[in-house]
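Heads up: the structure comes next, in structure tokens.
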Amino acid sequence: MLYEFITVHRDDIVARTRDRVRSRPWPSVSSRELEYGVPLFLTQLSETLRLEATATPFSSDAIGSTATRHGAEMLAAGFSVSQVVHDYGDICQAITEIAFEQHAPITVEEFHTLNRCLDTAIAEAVTEHARLIAQKRSEEEVQRLGQSAHELRDLLNAGLLAFHALKRGPVSINGSTGAVLGRSLTSLVALVDRSLSEVRLAASQQRRESISVTTFVDEIAATGMLHAEYRGIRFTVTPVDPALAVEADPQLLASAAMNLLHNAFKNTRPAGNVILRAHAEGQRLVVEIEDECGGIPESKAELFQAFGDRRGTDRSGLGLGLFIARQVVRAHGGDITIRNMPGRGCIFAIDVPLAAGVVSVSQPHRVFATP
């Protein structure tokens, strides 16, 4: 009986399977997969084969139900669907090899049963794995929508309170209350831009056109000036070579740059300085945003992760700005990098291809800044 063979040679099958798992080039292998996943697969398979060998009527869907539970367990344990599929196949190969080496008296029908069980198990495990991932994503989307709604409401409430205080007359529009209103409005603009960018990325909607980098920088600098003014931060914009141009979706790329600027303003100390500059490096455009956040501590996690760690004390927002900005830039054939300057600040750099045929020329160094 095949299930008896598996029971007797269980340790050999597990060891052989682990060797196969370790030697495969893809997908990647985890220690938990070797220590936990492989024996679990084999236990489920052996039990199914044992039940199928009994006189008691046995449901052909039984291993599917077991594999469904297994798919859920593997997802909870951090396994990918590729690992699940390949591990089932590796176990089948190990059983076949050892049975051949041992000249085991296993019938053709039993091998057919083995292959059928594995086929069913793979299908059900993959289906459950995919269902749970879809469910998890759906729950994350609901959470994201809820958090976005809360953020939107908080910004609107702050703006309305400031507006009513200004409307009653005892405070000046140029004072602290006016600054609260200004910060609320500019943050609302950033939230809407981020949301629109996320929707358009998800729908794969891009409207590429030739963009003058000078015009691009001027437009985001104008908005940046308002952010800087309401936060009491000096904002410096260096001049741009007028010959530079990129092929890009202007709304998406501007949204990515504004996300970085907004992040810089949030994390720069009051009266600190944020610098925006753009220049060519070979056939690439580099847009740099330098802040005075004091540097990023080594303890900080991946900043570009969705709902990720924040680098400063300002906890406003969802932790999605940098994540979406990097998605936008990568959709344009580039990336965003960070240069950390401990004790001083950091530089976020957008790097995208220049438009074909662009030739850069040197420009005199001039500076435009907030007062």
key: Cβ-based net charge around residue 284, under 15 Å, with every Lys or Arg adding one and every Asp or Glu removing one   = -4
key: Solvent-accessible area of residue 210 with every protein chain in place, 1.4 Å probe, in Å² to the nearest 10   = 70 Å²
request  = Please give the length that would be gained between residue 167 and residue 51 if that part of the chain were fully extended, namely 0.36 nm times their separation in residues minus their C-alpha to C-alpha distance (nm, one decimal).
outcome  = 33.9 nm
request  = Taking 7 Å along the Cα-to-C-beta vector as the label spot, tell me the residue 236-residue 10 distance in nanometres, rounded to one decimal.
outcome  = 7.0 nm
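The values are calculated or read from the model by the stated rules, or taken from the named source; none is laboratory data. Being a predicted model, the structure only gives us computed values, none of them experimental. As a convention, Cβ positions derive from the backbone with ideal geometry for all residues, glycine included, and neighbour counts pool all protein chains shown. For the accessible areas, the whole protein counts, side chains as well, though only heavy atoms, and no ligand, DNA or RNA atoms are used. Shrake-Rupley method; radii C 1.70, N 1.55, O 1.52, S 1.80 Å.
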